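Report on the following structure.
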Amino acid sequence: MAGRPSIGEAADLLRAELRVGQLSSPTTAEDAWSAFIRFGRMRFSTADSPDADGLLFQYGVYSFDGPEAFSLDLTRQFEVLGEDGDHDHFVQVHCELIYEPVPALVALGDFTSWFFHDSGEDLGQSLEALTTRDAWAAIREQRPVKLEVYQEAV
């Protein structure tokens, strides 16, 4: 859509939102969440489909690149169409906070929640439901050891 930033600008815009709060790495989950909410409210030039622009909130203990760690992953997902107008792939922009797997975080288990712009759902209500989850109390008590912002095609 005209006047909206392109998907290619998304990672830099998320980094800019993190800097707006003068955040450094690592930061607190609440500060990263506030930046992600601002980023999540931005609209991008995307395909015209209900799942072309989504927000993903997920956490859990994983061991993707080494020892187990608790990950709080705030992700924006965009659908990319091929030249034929059909789905080609997704682009995901992640703001991932990595924590030591302390018992309080391990006890949270894993959780995943999606929101899609243009799906008819209310963004404010969805964000409020996530903000009031009991897990925030445990996450707020911990300081992440690393914050990563990256973009990938999936």
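Each reported figure results from applying straightforward, stated rules to the coordinates on display, with no laboratory input. Because the structure is a prediction, the values reported are computed rather than measured. Virtual Cβ from ideal backbone geometry, glycine too; neighbours counted across all protein chains shown.
Roughly how many debye, to the nearest 20, is the charge dipole of the stretch 102-154 about its Cα centre, given +1 on each Lys and Arg Cβ, -1 on each Asp and Glu Cβ, and no other charges? Each step should come with its number before you reach the end.
Numbers: 4 positive and 9 negative charges, 73 e Å.
Here the stretch 102-154 has a charge dipole of around 340 debye.
For the chain, what is the mean residue ellipticity at 222 nm derived from helices alone (per DSSP H run of n ≥ 4: -39500 (n - 2.57); sum divided by total residues; nearest 500 deg cm²/dmol)?
Working: 5 runs with 43 residues, N = 154.
Helix-only estimate at 222 nm: -7500 deg cm²/dmol.
Taking the Cα centre of the chain as the origin and placing charges on Cβ (Lys, Arg +1; Asp, Glu -1), which of A137, G66, L108 is farthest toward the positive end of the dipole?
A137
As a test of the definition: which semi-axes, in Å, follow for the chain when you take the square root of five times each eigenvalue of its alpha carbon gyration tensor? Largest first, please.
Here the semi-axes work out to 27, 16, 16 Å.
Three principal axis extents, largest first, for the C-alpha atoms of the stretch 61-135, in Å?
48, 33, 16
Listed highest first by mean packing, meaning other Cβ atoms within 10 Å per residue, what order do 100-112, 62-74 come in?
Details: 100-112: 13.3, 62-74: 15.2.
For the peptides 100-112, 62-74, the packing ranking is 62-74, 100-112.
Could you sort the peptides 83-89, 140-146 by per-residue average Cβ neighbour count (10 Å cutoff), highest mean leading? Let's see the in-between values first.
On the way: 83-89: 9.6, 140-146: 14.1.
Order by mean packing, descending: 140-146, 83-89.
Would you work out which of I37, P50, F90 lies farthest towards the positive end of the dipole of the chain, given +1 charges on the beta-carbon of Lys and Arg and -1 on that of Asp and Glu, about the Cα centre?
Ranked along the dipole, the leading option is I37.
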